[in-house]
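The values are calculated or read from the model by the stated rules, or taken from the named source; none is laboratory data. Since this is a predicted model, take the numbers as computed values, not measurements. A quick note on method: Cβ atoms are made from the backbone with ideal geometry, for glycine too, and the neighbour counts reach across all protein chains shown.
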Amino acid sequence: MIHKFATIIADSLFKNKIIPDEQKDIYIYGYEILLSSMLNLSLVLISGILLHQIPSAVIFYIVFVITRLYSGGYHADSYLKCNVIFVIVFLLTIAVSKLLYHEMSFVYLIIFLSIYIGSVLEYAPIENANKKLTEENKVKYRKISIWISVGWTVAACILYFLIKEYALTLTITLVMIAILMIVEINSRKEMTV
């Protein structure tokens, strides 16, 4: 469905002589990404509204998108799967945050953040099969991933003492990203066996 809408938009741009025919596929891919991102944002915000978790939805979306942009991770083979997994990861993040709220000490927070940082140090950036990285970009994305990890870790530690709920949302989002990185690495290992 996303591909169909992206194609309609690109065809309209071509018919109106806004883009040349040879660039139509590039525009289709770009619009697919844009539409999928808009759908993901809408789904998370709607879920956040229904669960009365709007600030947590915003935190999840920002942290997830920015982090995954540079660290990479699991990539579904269709937009439908991607959107479903994205919403499931959000719902799990909220559920786990709620479950751990009273049990989460600062020590546990540090342990969870260490799992995330360890995954970034071990695996980032994980290349998307559709978006190959040059060696220069791999080094650049790795550095950015590490700096982002440091930033999120500091933010989570500060938030723990200010608004614990948001610290947990941030931390569990990072753990979910780490899990998705590990899933992607393991699925690639299985394909090569």
| query | In region 49-92, what count of residues is obtained for those that are touching a Ser or Thr at 6+ places or on another chain (Cβ under 8 Å) and free of Cβ contacts under 8 Å to residues at least 40 places away in the same chain? | reply | 2
| note | Checked 4, 17, 24 against criteria (charged (D, E, K, R), not assigned by TED's automatic domain parsing to the domain that holds residue 183 and not in a helix (DSSP H, G or I)); the one match is 17
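So which of 133, 180, 159 is among the aliphatic types (A, V, I, L, M) and either farther than 16 Å from residue 72 by Cβ or at pLDDT 95 or above (or both)? Walk me through how you get there before you give the answer.
On the way: 133 fails: either farther than 16 Å from residue 72 by Cβ or at pLDDT 95 or above (or both); 180 fails: either farther than 16 Å from residue 72 by Cβ or at pLDDT 95 or above (or both).
Result of the check over 133, 180, 159: 159.
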| said: Just to confirm my filter: which helices (runs of 4 or more DSSP H) fall fully inside region 28-127 and include at least 3 residues that are within 12 Å of the chain's Cα centre (by Cα) and of a type in the set (Val, Ile, Thr)? | reply: 54-71, 79-100
